[in-house]
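Asks: Got a structure here, written out as structure tokens. Questions coming.
The values are calculated or read from the model by the stated rules, or taken from the named source; none is laboratory data. Just so you know, these numbers come straight off a predicted model, no measurement behind them. No Cβ is skipped: glycine too gets one built from the backbone with ideal geometry, and neighbour counts run over all protein chains shown. All accessible areas refer to the heavy atoms of the entire protein, side chains included, with ligands and DNA or RNA removed. Shrake-Rupley method; radii C 1.70, N 1.55, O 1.52, S 1.80 Å.
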Amino acid sequence: MTKIKRLSEVKEGKYKVIDILKPGKLKKLSNIGILIGDIIEVIKSGPGPVIIKNKNTTIGIGYGIAMDIIVEKME
Amino acid sequence: MEEKIVAIVGNPNTGKTTIFNALTGSRQKIGNWPGVTVEKKEGYYIYKNIKFNVIDLPGTYTLTGESEDQKIAIDFLIQNKSDILIVVANGLNLERSLYFLILLRELHKNIIVDLNMVDLAEKEGINYDLLHLEKLLKVKFVKTVGNKNIGIENLKEEIYKRCKEPTSEFFIFNYGEEIEKSISEIIDIIKEFNLSYPKRFLALKILEKDEYFINLINFENYKKINDLIVKLEKFFNKPIERVLIEKRYGIIHGIVKETLIGRKKELKIEITEKVDKILTNNFSGPLIFFLIMFLIFDLIFVFGGPLENFLELILEKLKNFFVKSDLSVWIISLINDGIISGVGSVILFLPKIFLFFFLFSILEDTGYIARAAIVADRLMHKIGLHGKSAIPSILGFGCNVPAIMGTRILEGKKDKILTSISIPFMSCSARLPVYLLFTSIFFKENQGIIIFSLYLFGIIVGILSIKIFGSVFLKEESLPLIIELPPFRIPYWKNILIETWTRTKYFLKKAGTIIFVGALVLWLLSYFPDPNNYGGESNFIGRLGSFISPIFKFSGFGFWQAGVALIFGIYAKELVVGTFGTLFGFENLSNTLSIYFSPISAYAFMIMSLLYMPCLATFLVLKREIGIKWTLISLFWSLFIGWLFSVIFYQTFTFLTGG
């Protein structure tokens, strides 16, 4: 089983952001402080908006954007 | 007196509003930016004999051309309308605020960074060496705790000093040799365009592929720039926007690391996390959401109702006072039937509006609204709206007026217009007397179900309107949801009271002036030419009623009294009941109505009362919030759809029952 998934598909836990697919979304997410390479914690998983903790902030992300965030499970 | 303009910007959740309130107190007013539906907040304070006009720019994370509020911020900044710019930053998340600062530095020369909420940051062991920060970023830093009024005097002093001796240099953030070379080449290409933006800012925006700015230059030139971009992307082996982001954050990480004093602890927000899990869970989330909405709804009525009755009593007393006075009959009628009834119908909204904004500000300040948006997003997404739209929509069942004013919490233009258009179809409390009157006469057996069906019908028409207008007129995408969930906190009362007061005052001022004219017109129509028969058939309003009544023949209520009742219902929907009372006499109202109406036409009339044009107060706030064009569209749409559905209902059921 591959460890690389879309953020919209994963369960609660710690993940590393590997890629953000659409340039527009990359810009939007970087403005709010989510960058490729960041370690994030999923607090609430999909379906519906996903809630993650990144650095000191908690951020809700709509399902449509979560689909374009590629993450890898941290051990 | 000398005047200076101070603009405030900042990310959401940095306490920007608190700083604005701390500077200006209650000397503020709200309005809209010209031509758009984004809220504009202004205030002033006087310091050392200079009047500082403070402008609160929309809270945003960045400056792109893609959203309306950001465009406002950019335009405001480049036209250099402000003498000084205050960037409010949050000590808990300095990286993000600095990222925004770097973008702002390309636009404005005279900047002060206000590091706010330093008490919270210090509690977490986070502290910054301000002098070092100032040296690295070449900008003044000030520490404040807005909600405790700490550092505000110092901030005022710094603003004063910087206004007296402004710096004249743009700060140049160095992106490295390769990119800097391209930036100069782009500047060379675009220099022939006489655009008001600083050249370097514009070059960066185009390099970032910001469509709004790309569209400002012609295609030929963009092709040249695009070649540059392709070359750069080949060099870095990454999309260029990603390179720029990483460069900026790279430097920022370095700066933050270098200036951080003390050890940064892992933040303890486990409790918040646990609460968040419950509040946003797919099962308990919606339950809590509806419970809270119900509670707001209930509180507005429990406290608003008696206050409203009290105001009504005062108006009654006032009317009595005039009846007993020696003034001539027509003046008494003008004052009582015209002005007091008309203006009163708006003033009676005040308690509910005040309570709504009060309760809403509390929810906002505690941080719940962000969670509510998450919960509602799944459902609202299906009808094409942003999660936050659910909040004003639900409150529309209480009263449409504060609900439409509540659409101010929505950032996207599309969400705002569509939500505002659908709200008038939510059965507000003023429709209830109409439903109660007719169901008590015609549907005694199943009053509850009939009333419920009308509520449901309104929701369906609301969704239908969103679908139609959303797909036909507003092609732009609804904003995707990315929302920060701030840590829960105890509401700050000063903020809540200022917010509530400013908004209520705004409603009163707007509504008060226009309704006065409207009330006069309606009175004239009802009083003349036959003063002894107020609102009767022999007066203009009766004639108007007779004139429009044939339209309603197909709906089963084509008589002039129904027309007059609907015209008066424009004031406030509950006046439909009162008008029937005046015209038919209150004693035999049920008997008379059952002569004029059948159960089918009564239901058709209720559909019409529910859907046809918003009441005067709703109309006024609609105009204010979404502009006259959309208000007129909403007006004609609701008239049309109300008429159409009442006809369809009447004809179908008459046919089915063999009538």
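Asks: Ignoring any ligand, DNA or RNA, what whole percent of the accessible area of the range B:2-164 comes from carbon and sulfur when the probe is 1.4 angstrom? All intermediate terms of the calculation are to be shown ahead of the outcome.
Replies: On the way: 2530 of 5440 Å².
That fraction is 46 percent.
Asks: Which angle from 0 to 90°, rounded to the nearest 10, does the C-alpha axis of helix B:284-323 make with the longest principal axis of chain B?
Replies: Between helix and principal axis, roughly 60 degrees.
Asks: Next question, about the same structure. Rounded to the nearest percent, how much of the accessible area of the range B:187-327 (1.4 Å probe, protein heavy atoms only) is carbon and sulfur?
Replies: On the way: 5630 of 8940 Å².
The value for the range B:187-327 is 63 percent carbon and sulfur by accessible area.
Asks: At what distance in angstrom do the alpha carbon centres of the range B:145-213 and the range B:483-505 lie from each other?
Replies: Cα centroid to Cα centroid, the span is 31 Å.
Asks: On the protein heavy atoms, probe 1.4 angstrom, tell me the percent of accessible surface of the range A:4-73 carried by carbon and sulfur.
Replies: Values: 1370 of 2460 Å².
Exposed carbon and sulfur together represent 56 percent of the surface.
Asks: Say each of residue B:218 and residue B:134 gets a label point 7 Å from the Cα, pointing the same way as Cα to Cβ; how far apart are those two points in nm?
Replies: For the pair residue B:218/residue B:134, the computed spacing is 4.9 nm.
Asks: DSSP loop GluC sites (Glu not before Pro) in the range B:551-659 with at most 16 other Cβ atoms within 10 Å of their Cβ, which ones? Walk me through the numbers on the way to the answer.
Replies: On the way: sites: B:574, B:587, B:625; in loops: B:574, B:587.
Those satisfying the criteria are B:587.
Asks: Let me ask something else about it. Roughly how many Å is it from the Cα centre of the range B:214-237 to that of the range B:115-144, as a whole number?
Replies: Distance between centres, Cα-based: 38 Å.
Asks: Evaluate the Debye formula for the range B:486-558 with equal point scatterers sitting on the alpha carbons, no solvent, and hand back log10 of I(q)/I(0) at q = 0.20, 0.23, 0.27 Å⁻¹, in q order, two decimals.
Replies: -0.90, -0.97, -1.05
Asks: Starting at 0 and stepping by 10 Å, how many percent of the alpha carbon pairs of the protein assembly as shown end up in each bin?
Replies: The calculated distribution, bin by bin, is 3, 13, 21, 23, 17, 12, 8, 4, 1, 0.
Asks: Counting each DSSP H run of 4 or more residues in chain B as -39500 (n - 2.57), what helix-only mean residue ellipticity at 222 nm follows after dividing by all residues, to the nearest 500 deg cm²/dmol? All intermediate terms of the calculation are to be shown ahead of the outcome.
Replies: Details: 29 runs with 403 residues, N = 659.
So the calculated ellipticity at 222 nm is -19500 deg cm²/dmol.
Asks: Relative contact order for chain B using alpha-carbon pairs under 8 Å, separation at least 6, rounded to a whole percent? Please report the intermediate quantities before stating the final value.
Replies: On the way: 943 pairs, mean separation 72.0, N = 659.
So the answer I get is 11 percent.
Asks: I've got another one for you. At what distance in angstrom do the alpha carbon centres of the range B:455-471 and the range B:376-438 lie from each other?
Replies: 11
Asks: Where Lys and Arg each count +1 and Asp and Glu each count -1, what net charge lies around residue B:496 among other residues with Cβ under 9 Å from its Cβ?
Replies: Working: positive: B:494; negative: B:364, B:365, B:499.
Local net charge: -2.
Asks: What total accessible area, in Å², is buried where chains B and A meet, using a 1.4 Å probe and rounding to the nearest 100? Intermediate values should be presented prior to the final figure.
Replies: Details: alone 30530 and 4640 Å², together 32220 Å².
Summed over both sides, the interface buries about 3000 Å².
Asks: To continue, here is another question. Scale the Cα Rg of the range B:2-164 by the rule-of-thumb value 2.2 N^0.38 Å and send over the ratio, two decimals. Please report the intermediate quantities before stating the final value.
Replies: Working: Rg = 14.8 Å, N = 163, 2.2 N^0.38 = 15.2 Å.
The value comes to 0.97.
Asks: Only counting protein heavy atoms at a 1.4 Å probe, give the residues of the range A:35-59, ordered by number, whose accessible area falls by 50 Å² or more when the other protein chains are present relative to the chain alone.
Replies: A:35, A:43, A:44, A:49, A:51, A:53, A:56, A:57, A:58
Asks: Along the principal axes of its C-alpha atoms, what lengths does chain B span, in descending order and rounded to whole Å?
Replies: Computed over the Cα atoms, the extents are 87, 55, 53 Å.
Asks: Give me the accessible area per residue for the protein assembly as shown, probe 1.4 Å, as a whole number in Å².
Replies: Values: 32220 Å² over 734 residues.
Value returned for the protein assembly as shown: 44 Å² of accessible area per residue.
Asks: Can you tell me the 0 to 90 degree angle between the C-alpha axis of helix B:270-280 and the longest principal axis of chain B, rounded to 10?
Replies: On a 0 to 90 degree scale, this one is about 40.
Asks: Strictly greater than 20 Å: what percent of every Cα pair in the range A:4-73 meets that?
Replies: Details: 264 of 2415 pairs.
Taking all Cα-Cα pairs of the range A:4-73, the fraction more than 20 Å apart is 11 percent.
Asks: Here's a follow-up. Just to check, using Stokes-Einstein with a Kirkwood Rh over alpha carbon pairs, what's the diffusion coefficient of the range B:177-261 at 37 °C and 0.692 mPa s in µm²/s? Each step should come with its number before you reach the end.
Replies: Numbers: Rh = 13.8 Å.
Estimated diffusion coefficient is 238 µm²/s.
Asks: Here's a follow-up. Please identify every one of the GluC sites (Glu not before Pro) in the range B:108-203 that sits in a loop by DSSP and has no more than 12 other beta carbons within 10 Å of its own beta carbon.
Replies: Hits after loop and neighbour filter: B:169, B:192.
Asks: Once the Cβ-Cβ distance between residue B:314 and residue B:505 is put in as r, and R0 is 30 Å, what FRET efficiency do you end up with, to the nearest 0.05?
Replies: Details: r = 20 Å, r/R0 = 0.66.
After rounding, the FRET efficiency stands at 0.90.
Asks: Using only the alpha-carbon atoms, how far is helix B:240-259 inclined from the longest principal axis of chain B? Give it as 0 to 90 degrees, nearest 10.
Replies: Orientation of helix B:240-259: about 70 degrees from the principal axis.
Asks: Okay, moving on. Which loop chymotrypsin sites (Phe, Trp or Tyr not before Pro) in the range B:435-474, with loop taken from DSSP, have no more than 14 other Cβ atoms within 10 angstrom of their Cβ?
Replies: On the way: sites: B:435, B:438, B:442, B:443, B:452, B:455, B:457, B:469, B:473; in loops: B:443, B:473.
Passing both the DSSP loop test and the Cβ count: B:473.
Asks: Among the residues of the range B:244-260, which ones have their accessible area go down by 40 Å² or more when all the protein chains sit together, as opposed to their chain alone (1.4 Å probe)?
Replies: So the qualifying set is B:245, B:249.
Asks: At q = 0.16 Å⁻¹, what log₁₀ I(q)/I(0) does a Debye calculation on the Cα points of the range B:561-659 give, no solvent, two decimals?
Replies: Each listed q maps to, in turn, -0.75.
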